[in-house]
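The values are calculated or read from the model by the stated rules, or taken from the named source; none is laboratory data. In this text, all values refer to a predicted model and were calculated from it rather than measured experimentally. Cβ placement follows ideal geometry from the backbone for every residue including glycine, while neighbour counts extend to all protein chains displayed.
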Amino acid sequence: MNTQNVGLFRWTRTSPQQGFTLVEILVAMTVGLFLTGGILSLFVGSKQSYTNNGAIGAVQENGRYVLETMTQELRQAGLLGCQRSLMLQKELSAVLSPARLMYGFSDDTYRIYNALALVNPVNTNPDTTAEALDWWLYNINNQAPIEGFDGQGIAFVPSSPPAFISTLDLFDKLGIDDANKDHDVIVSRRVFGRPIPIIRHDIDEDPLTPSPPLVILDEYAADLKIGNIVVASTCEHATVFQITDIRKNTPCDGFHTLEFKPLSLGHLDYSPPGNQEYESPPDPDINVSLGSRYANDISDIDMANACATTNKRYLIEDTIGAIYRLQVNIYYVQNNGDGVPSLYRKNVFEPNPEELITGVYGLQFLYGTNSLASSCATENQPDLTDYKTADQIANWNEVNAVKVSLLLGSMDDSHANIVDSAMKLPFPDAGDGSGVFDASSLAAADRKRLFQVFTSTVYLRNKLPCLGLDQWTKPPSSEL
């Protein structure tokens, strides 16, 4: 280093400043690009994996939810409280025939009585479309717990048309005329909700005489509304009727009474279908006959003592009958407001259907029949010969099981291009009859969505022959 003195200052000459060479800079940039590319690739992969898992999770969640909801209801089809089947004794072989579904039961002991005004008493068949609809909905004496319609693309095909009404008119009156005809439709009938114990039902020796009101505890009254169609049930009888009035604090505080009068069409409290007295001329001021007694005798003295007590729940211990609400639900596929195929459930007692899930590209029901219903392959499983589509069922009362098949797709906008190519999945109700669903047949925006098939077999508990001898063997007379 050279140093010179210039006046008062000292000047020093230093060596040239050192830095990165061009080669070093290029190498560093290259390494940085590789690291950045790796991080971006990891991010994109993680995002795609997250999206894929989200699509799979959404589809599986929908599938589990719908199968649980649907199978639970189908499993209970035909439930009438203690009464085990909607179709114990009607339109089957003789009582002593082994071909009878409920072999060994007596027509005189076990029966269903219907007090609804389904038809004009003069004419035993429906005269109008409205009457035919009520007949189909509420005549549980003749309607099976499960009923299906096979979607064949151009129409819904039942095994035989509904009585007194066409399938087209039936769907129109039910408000499901926009159901997708490429998919099946199923109907289930049952009672639901907690049993409401009947505390008092005083009738004379003739069960067909007009009936006094039914007395229940007030804590159950919130479960019922005027106009509800309900079923009163014991282990021997069941009666279908409509509530026309609920009188609070009658006969005293803590009780409510239920009226079921044959109100006329113009009556202020009338709602269809109404009640009908079939045994005698109807009187709108007198309850119709329920055909049976649904409570043990309670004397006026015992009732007065009950009115004097605060806690009246002890009366439940001696009840023999209960009230349940009737439910008729229909499952079908229809495009929602966004044009997406969705699964709907229509409760016939509610004005609007309920959209359960979206992205339903296939819905099929197969029905297992067992004409004898008297043998089991294993415990709690009937020995069913085969499964048939709805249009092949000769007798819906011989259906003991339902096999549900669902084809669901991912419907979120971020799930529109999940897979690299259109998926192909085996599905029994594929539109072209090949038994294979091909997503390439869908609109371009839907071809690369994720699809999954869900299946479940449901045994109708109220129709199974394997749940215990008490269901199939008439109990001793002492137990009646």
(Q) Please go through (1) closer than 26 Å to P351 by Cα; (2) among the small types (G, A, S); (3) under 29 Å from the mean Cα position of the chain (by Cα) for G266 and return the number of the only condition it doesn't satisfy. (A) (3)
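Table: residues versus (1) at pLDDT 80 or above; (2) touching a helix residue (DSSP H, G or I) at 6+ places or on another chain (Cβ under 6 Å); (3) part of a helix (DSSP H, G or I).
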| site | (1), (2), (3) |
| --- | --- |
| L40 | no, no, yes |
| Y50 | no, no, yes |
| E73 | yes, no, yes |
| K90 | no, no, no |
| S93 | no, no, no |
| G104 | no, no, no |
| D107 | no, no, no |
Q) Of the conditions (1) in contact with a Phe, Trp or Tyr (Cβ under 9 Å, 6 or more places away or on another chain); (2) crowded, with 16+ Cβ neighbours inside 10 Å, T257 fails just one. Which one is it? A) (1)
Q) What are the residues in the range 252-302 that are in contact with a helix residue (DSSP H, G or I) (Cβ under 8 Å, 6 or more places away or on another chain) and in a strand (DSSP E or B), if any? A) F255, H256
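Please find, among T310, T244, T234, T250, the residue that is of a type in the set (S, T, N, Q), farther than 30 Å from A132 by Cα and in contact with a strand residue (DSSP E or B) (Cβ under 8 Å, 6 or more places away or on another chain). Explain how you work it out, then say what you get.
On the way: T310 fails: in contact with a strand residue (DSSP E or B) (Cβ under 8 Å, 6 or more places away or on another chain); T244 fails: farther than 30 Å from A132 by Cα; T234 fails: farther than 30 Å from A132 by Cα.
Residue meeting the stated conditions: T250.
Restricted to the range 424-442, and to residues that are in a loop (DSSP other than H, G, I, E, B) and at pLDDT 85 or above, which residue is farthest from the chain's Cα centre (by Cα)?
Of the range 424-442, the ones in a loop (DSSP other than H, G, I, E, B) are 427-435, 442.
Right, trim to at pLDDT 85 or above and you get 427, 442.
Values: F427: 23, L442: 29 Å.
Filtering first and then ranking leaves L442.
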Q) Does V340 qualify as being under 30 Å from D218 (Cβ atoms), assigned by TED's automatic domain parsing to the domain that holds I393 and at pLDDT below 95? A) no
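For residues that are among the small types (G, A, S) and modelled with pLDDT under 85, scanning just the range 249-284, find the one that is farthest from I301 (Cα to Cα).
Of the range 249-284, the ones among the small types (G, A, S) are 254, 264, 266, 271, 274, 280.
Those left that are additionally modelled with pLDDT under 85: 264, 266, 280.
Values: S264: 36, G266: 40, S280: 32 Å.
So the residue we want is G266.
Quick one: which strands (runs of 3 or more DSSP E) lie wholly within the range 169-248 and hold at least 1 residues that are at pLDDT 90 or above and closer than 30 Å to Y361 by Cβ?
Numbers: elements: 185-197, 214-217, 229-233, 237-242, 245-248.
Because the criterion is at least 1 residues that are at pLDDT 90 or above and closer than 30 Å to Y361 by Cβ, the strands (runs of 3 or more DSSP E) in the range 169-248 that meet it are 185-197.
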